[in-house]
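The numbers here are math on the coordinates, done by the rules we state, and not lab data. Everything quoted here is computed from the prediction, not taken from an experiment. Here the Cβ positions follow ideal geometry from the backbone for every residue, glycine too, while neighbour counts run over all protein chains shown.
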């Protein structure tokens, strides 16, 4: 037990009004700890306090009472005996009378009343005593804010926790509530006050109870607060912190909520609330209107439909007033294009519509009677100009139209019955307004050509809607459905010259098709297929209707895409068409057939095959297409070569690739074997007799010479298509007679047949690398294939030994080489060979095969040795003829780097199942760059240097920036060097463009900033030169853009160049191209403003 | 001393959409045309109001003529009110902007539209006199006003 001296000290310190608040708080805490730990009993304390609680000195008395109250608050969780609680609450109840010591009594009562049941609670009798004492003595509105709050809390606590104790008090209770909350202004007290009203109202739900007589009074007090409007102080006006402001806003929201709850707490408020709200609706303050609608919407379900029914008329007229009589909606921004019918509704309208929806759901008959019976609305719809054009309608009318539309939509939405009623009433009139009467069929007007576009749009939309009505709801008979489809089909047939409406009609058909597919309506699906799909399919090969072929194909494809069965029908039709027309197109070059077949094939590769892939169709379609083409090629003997024929070949190759790549391994093998049979039967094979033509390498040269110009058109078709097949194969697919195929491709590529080169590249890319991985029957792995390819004599013109190092036939072809180089005719062959080699190299580089090293060295060899060995020393002794011959060769070797690294659409990408090693570009960049650099340094011929830089440019423009940026400080000087070298010759202009794009990418990259800063002067000088590059506009434009970027660099670094740049730019202002001039204006502005705003320099 | 605004309530017009020129035509005739000039000057801010000359309808594409062969540009602008003392400032702004954005060989004539200004002749004379323009731009206050109009970001 604590000694009295210990705690008396604390008591004295608390009661002493001269001690500081923190000291007081500390003494309360200290006493509370003593009490909690049972070192001090409550009785002992109260006895000790006795003097303080009863003294006539009101200040000390109030402090004493407050100490008791505070301690009780702290002891809320400490179990106390019933007797103790009873005596304490009794004492405190009495003290409520003593207004000087009131606060302590309030705090104490509240603490006792709030106790949980397991630690001892106040009995109901005591609570009733508290309530009575409260009603008798407390004049709430005459107290300070904090005391008011305590009073409200006390009242709230009594109402919530002791309903049985307060219920008998009835009228007196409400009198005291009214008295208490009247004129309350403090927000925190208001929250409590509103809550008290709500709780009290809930407590006395009986319409004949005491609440009824006070409802009017209470509502009068409540109604004064409506609408709650919060003018919060602006934070910049006074020193209100963000926190305080947000707390204030939060408080405000709380008030809103509590107020709304109180407002709708009991239906008994209805006679007062609804008139008040309706009255507020006529106010001119928009926020008051919005609030009123919100409250009406909230109260309506609370007050119940019977009570609300009385106000139906008034409610409807106010809603109508807002929506119809003076609609406040603004044209939305995007609505211009849509005929100006999209509106943004004001908040008031939105709330009004929400209210209307709620009311209709509550009492649909009453409201609908009023809406549908409303004369204004009826007149509005009836008086609509017919036929009307949206663009001629004045804005206000359009607003009204929009509102009425929303109104009817809301009415119709609430239930099936109301939907029916709205439609019965207004549908005929609306259809009339649209220009078609319901009684008589809409067909006639539909066919009229000179209809305004908008009305046509409406018809189409309407037909589409009718056709897609779910069967369970709408009785659209099959016959009618058929009619609709027929109508649309005939419209599409006759209407192709009107692009917009044609598109609409087609879209409507597609939507109908999709809908049928989605809802699995089999009858309709059959009808759709019969009327639409079959009709369209029949168009493919007939001249009817006289529609452009591209539109026909569009219609066919889009309707096909509605579902798998439709697509299959269409595919059948297209297959038939190809079978029928292909020979004609391919053999005779019949113009129409060629066009048709091209379109169909394009359709296959662009739409049909991707669609099947997306929608999980079988590979059968792809397989069939490939098979048909090979059959047709096989069965025809000769081809007539025309320009269109080349186009046809292109389309056929694309389609073939697209088809083959989607086939499985087995199907691919079948196709490739079939193709090989055709190939081996062609005149391309003089070696038919010796399938493993070992003699080829020796006889090749002469063979090539003889065959270069002799390949027939049919053979070109065959080999191109075969190459397409090979390009698209999967890595696992086995190719028969690989060696022959390889040699055939090599032969073809020397004639500049790119697809063959690509096919070779694809082969070396996909062949298995190790013998043990290989399929048993596979004759070749990649090593052997490379051997076969590289030992072929066509590469021998390059005198570098690199290729021959790996050659099985090392060193045997010296004589050939000289011969090759000597003949002028061979230049083109050599260029083709280099291009071919580049594609092969691309295949290798992508899989990360080291054979690429040899190939790279070959290219470098071509670049270097033609000038560096004594044969063509054009730097000192330019021989015109030789130079003419050598430059294209070197250029093609330089461009080979572009082929090596660039991504190709035609082959060697993911679509065609290529083997792609990650980061292969970066690896190649790292390995080839030192070679290129050292060669550049060593070479002293201008041409060689420029060609080396051309290769360099290709490499850097195809390598990802992230791989290069870390070495930007080394790269930038090279870039600038290459730019200055390449600008010497017009032929490099496209490469310059690529380089400058790399440069601009470095300028924009954060990681490149340091390097850019170091080289700022040099970069600027180079860019100034390029800003006047005469041969290509985009180079000038990009150079100037780069200069703009340079102006962002630190001032000290770029200022020295400012004058130079501005002078150069003032020339660019006179550029013949507008784009350049515009960039120049920007650039000048940017550079001028680094020193001052004026442009003087 | 605070002077009232010369035109306190100007009529503000909507900005027009910028016409996107077709991009991919390498052989397009890219000669300087009125639209190009208009695109450059339309965003100059009015000296009095935070609106552009376009918004105040001081300028339009039709009020600009250009002859590339002779190297001449003629801009006719319409001050918002007859007694607008800002007309010369607007003219100065136009001249400065064109000097910045077009090569020096263009001769620029700037005039107020006939009948749109009380002192038409005087204003025209002032705007097309090299000496007076140079002198005006040496006045630091005028210079600052012009610079603000040209490079203002208020719009």
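Which of rounded, prolate or oblate describes the range A:3-66 when judged by the alpha-carbon gyration tensor and an a/c cut-off of 1.5? Verdict is oblate for the range A:3-66. With respect to chain B, whose longest principal axis is taken over its alpha-carbon atoms, helix B:87-101 is tilted by about 30°.
Would you please give the FRET efficiency between residue A:9 and residue A:213, computed as 1/(1 + (r/R0)^6) with r the Cβ-Cβ distance and R0 = 60 Å, to the nearest 0.05?
Values: r = 56 Å, r/R0 = 0.93.
That gives a FRET efficiency of 0.60.
Of the residues A:293, A:481, the one with the fewest other Cβ atoms within 10 Å heads the list, and the complete ranking is A:481, A:293.
Counting only C-alpha contacts under 8 Å and six or more residues apart, can you give the relative contact order of chain B as a whole percent? Walk me through the numbers before you get to the answer.
Values: 190 pairs, mean separation 35.9, N = 155.
Rounded, it is 23 percent for chain B.
Remark on the range A:545-601: hydrodynamic radius 11.8 angstrom, per the Kirkwood mean of 1/r across alpha carbon pairs. Computed from the C-beta positions of residue B:128 and residue B:152 and an R0 of 22 Å, the FRET efficiency is 0.30 to the nearest 0.05.
Mind running the shape call on the range A:63-181? Use the C-alpha gyration tensor, a ≥ b ≥ c as the square roots of the eigenvalues: rounded below 1.5 for a/c, prolate if a/b tops b/c, oblate otherwise. It comes out oblate by the Cα gyration axes. As I understand it, the value is the acute angle between the Cα axis of helix B:140-151 and the longest principal axis of the Cα atoms of chain B; what does it come to in degrees, rounded to 10? For helix B:140-151, the angle is close to 40 degrees. Using the alpha-carbon positions of the range A:899-1014, Rg (one decimal) and Dmax (whole number) come out as 14.9, 45 Å.
Over the range A:13-78, what is the relative contact order in whole percent, taking alpha-carbon pairs under 8 Å and six or more residues apart?
Numbers: 43 pairs, mean separation 24.3, N = 66.
RCO, the range A:13-78: 37 percent.
Three semi-axes describe the equivalent ellipsoid of the range A:951-1076; taken as square roots of 5 times the Cα gyration tensor eigenvalues and ordered largest first, they are 21, 19, 11 Å. Taken over the C-alpha atoms, the range B:100-146 has Rg and Dmax values of 12.4, 33 angstrom.
Send over the per residue convex hull volume for the range A:573-680, Cα only, as a whole number of Å³. Working shown, then result.
Working: hull volume 9.4 nm³, N = 108.
Convex hull of Cα atoms, per residue: 87 Å³.
When only Cα pairs below 8 angstrom with a gap of at least 6 residues are kept, the range A:49-160 shows a relative contact order of 27 percent.
Give me Rg over Rh for chain B, both radii from the alpha carbons and Rh done the Kirkwood way, two decimal places. It would help to have the intermediate numbers written out before the result.
Numbers: Rg = 15.8 Å, Rh = 16.3 Å.
Rg/Rh for chain B comes to 0.97.
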